[in-house]
Amino acid sequence: MRAASGITLLVSAVILIGAGSAARALSAIGIRTAVHNCQNADLASQVRIEACSEAIHTNLASQGVLARLYFHRAAAYEAANDFDHALQDYNKALELTPDFAEAKADRARLLEQHPANTAK
C-alpha cells in the first residue's frame, strides 16, 4: 500500500534523526507510536485525534504522509461526531494532496450526510 509505505518512511526517518542520543531516540519511538495510534481505527476517537495531532506537529512528514495523517485525524473527528473539524482536516488533506481519492470520497460523503453540521 503506497500510503502505508510513506508513513513507514516517516518513522524510519525519525528513528535515524533520533539515533544520535537516547533522548532523541525515545522521542522517535513516541512519534512511531503516535503514527501507529493515529491509523488505528480500533482506538477511541480522542486517542486517535491526539496521536494524529502529535504526529502532524512533528513537522517531519512529507506532504503525502502529512495528508494521510490529516485524513486519519478527520476520520477520528468524524467518529467523534465533530463534523466541522473532520471537514477541516479532509480539506487540509486535499490541499496537500489534491488527487487523494479517499479524502475526496469521505469529504463528499460527510457533506452529503451532515450538511447542517458542516461549514462549507
Step by step: first the residues of the stretch 54-90, then only those that are out of contact with any helix residue (DSSP H, G or I) (no Cβ under 7 Å at 6 or more places or on another chain) and of a type in the set (S, T, N, Q), then the one that is farthest from Leu110 (Cα to Cα). Which residue is that?
Asn59
Keeping to the stretch 33-55, report how many residues are surrounded by fewer than 17 Cβ atoms within 10 Å (Cβ to Cβ), among the β-branched types (Val, Ile, Thr) and modelled with pLDDT of 95 or more.
1
Mind listing whichever residues of the stretch 61-91 are more than 21 Å from His36 (Cβ to Cβ) and of a type in the set (D, E, K, R)?
Asp82, Asp84
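The values are calculated or read from the model by the stated rules, or taken from the named source; none is laboratory data. Computed from a predicted model, the values in this text were never measured in an experiment. So basically every Cβ, Gly included, is an ideal-geometry build from the backbone, and we count neighbours across all protein chains shown.
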